[in-house]
Amino acid sequence: MITVSDLSLTFGGQNLFKHVDLKFVAGNCYGVIGANGAGKSTFLRILSGQLEPTTGEVAIDPRTRMSVLEQDHYKYDEQTVLDTILQGNARLYDIMQQKDALYAKPDFSDEDGALAADLEAEFAELGGWDAETEAARLLEGLSIGEEHLYDMMSALPTREKVKILLARALFGHPDIILLDEPTNHLDIDSIRWLEDFLMDYSGTVIVVSHDRHFLNNVCTHIVDVDYTQIKIYVGNYDFWYDSSQLMQKLLREQNKKREDKIKELQSFIERFSANKSKSRQATSRRKLLESCR
């Protein structure tokens, strides 16, 4: 679904990440983790096309539809809750607007009739007849009653606006969903509902989150953004964490063995470098010491 090739991003002469090659596949949920400032949200912005990388490319089939959780809680204040959600599927919403404009024409022509027929067919194919029901179902899952569908966004508190923007990102069965901290401001019931939704979802999900429990429940893979590198690991957060701890332990043990060997060689060299009968051995140990460093 998404192929990342030789991707790099440079800010102020510093590489945020470089030479990144990844592939994101349908049916998987990828949890993006990393230290603050590592570039997690920036990476999502590159995948969504909101930010151009310094080098490389992100290849996505143009027939797929990507949906992104927006962060501006006031962007849709002049719209109703329903319109805000429906616009999550831009093509469906555009068809609805075109249909309304056609049927409102006083001089409805044969050409208008042919266009209307085409629009109606695509409208049905995109699930337009069930769109309002789906929007209401999303709101119910996020603990908002369907009676609020026609409220203005400006009338809602921030906590509710966050949920509406999440419903917008999930609406209309997108092929790819990008979520940046989706559990922020959500109550426990809404988080559990979102987990169930994502586990049943058949497309590609890429989610940035600091919620370890959430990542454990929904993720099939972990994307680690660390030291200018971005790598994908199979498994949820705990599996990645246990594996990384084991790897660090092995590296520490290897380093300790190397340090012990260096101390042993240094001790031999110090003891026998002035001893003629041992000089060759001391020289050999000195060369071995250099190779260990």
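Of all the residues that make up the stretch 191-233, how many are crowded, with 20+ Cβ neighbours inside 10 Å and in a helix (DSSP H, G or I)?
Qualifying residue count, the stretch 191-233: 5.
Give, as residue ranges, the helices (runs of 4 or more DSSP H) completely inside the stretch 5-103 that count at least 3 residues that are within 23 Å of Val234 (Cβ to Cβ) and in contact (Cβ under 8 Å) with a residue 24 or more places away in the chain.
The qualifying helices (runs of 4 or more DSSP H) are 40-48.
Does any residue of the stretch 107-125 turn out to be in contact with a His (Cβ under 8 Å, 6 or more places away or on another chain) and more than 24 Å from Pro182 (Cα to Cα)?
No, there is no match, as no residue in the stretch 107-125 is in contact with a His (Cβ under 8 Å, 6 or more places away or on another chain) and more than 24 Å from Pro182 (Cα to Cα).
Asp107 is checked against (1) under 17 Å from Val207 (Cβ atoms); (2) part of a loop (DSSP other than H, G, I, E, B); (3) not assigned by TED's automatic domain parsing to the domain that holds Gly27 and fails just one. What number does that condition carry?
Result: Asp107 fails condition (1) only.
Taking into account only those residues within the stretch 119-152 that are farther than 22 Å from Gln97 by Cβ and among the acidic types (Asp, Glu), which is farthest from the chain's Cα centre (by Cα)?
The residue in question is Glu147.
Taking Met66 and the conditions (1) surrounded by 14 or more Cβ atoms within 10 Å (Cβ to Cβ); (2) at pLDDT below 95; (3) within 25 Å of the chain's Cα centre (by Cα), which numbered condition does it fall short on, given that it satisfies the others?
(2)
Could you go through the stretch 43-64 and let me know if any residue there is touching a Lys or Arg at 6+ places or on another chain (Cβ under 7 Å) and not charged (D, E, K, R).
Narrowing the stretch 43-64 to residues touching a Lys or Arg at 6+ places or on another chain (Cβ under 7 Å): 51.
Filter once more, so that each one left must be not charged (D, E, K, R): 51.
There is at least one residue in the stretch 43-64 that is touching a Lys or Arg at 6+ places or on another chain (Cβ under 7 Å) and not charged (D, E, K, R).
For the stretch 1-21, which positions are at pLDDT 90 or above and crowded, with 18+ Cβ neighbours inside 10 Å?
Matches in the stretch 1-21: Ile2, Val4, Leu7, Leu9, Val20.
Mind telling me which of the residues Ile144, Ile164 ends up being part of a loop (DSSP other than H, G, I, E, B), buried (at least 16 other Cβ atoms within 10 Å of the Cβ) and not assigned by TED's automatic domain parsing to the domain that holds Ala26?
Working: Ile164 fails: part of a loop (DSSP other than H, G, I, E, B).
Every option except Ile144 fails the conditions.
How about the stretch 174-190: which of its residues are more than 17 Å from the chain's Cα centre (by Cα) and part of a loop (DSSP other than H, G, I, E, B)?
Passing the criteria: His185, Leu186, Asp187.
Considering only the stretch 49-59, I want to know if a residue exists there that is in contact with a strand residue (DSSP E or B) (Cβ under 8 Å, 6 or more places away or on another chain) and under 17 Å from His221 (Cβ atoms).
No, the stretch 49-59 has no match at all.
With respect to Gly141, is the statement that it is free of Cβ contacts under 8 Å to residues at least 60 places away in the same chain and either among the aromatic types (Phe, Trp, Tyr) or more than 27 Å from Ile95 (Cβ to Cβ) (or both) true?
It is false that Gly141 is free of Cβ contacts under 8 Å to residues at least 60 places away in the same chain and either among the aromatic types (Phe, Trp, Tyr) or more than 27 Å from Ile95 (Cβ to Cβ) (or both).
Looking at Thr42, Thr64, Thr3, Thr80, which is the one that is more than 17 Å from Leu178 (Cβ to Cβ) and of a type in the set (Ser, Thr, Tyr)?
Thr80
Against the condition assigned by TED's automatic domain parsing to the domain that holds Pro157 and either modelled with pLDDT of 95 or more or not hydroxyl-bearing (Ser, Thr, Tyr) (or both), how does Gly56 come out, does it pass?
So Gly56 does not fit the description; no.
The values are calculated or read from the model by the stated rules, or taken from the named source; none is laboratory data. Since we're looking at a predicted model, the values are computed, not measured. Note: ideal-geometry Cβ built from the backbone for every residue, glycine included; neighbour counts use all protein chains shown.
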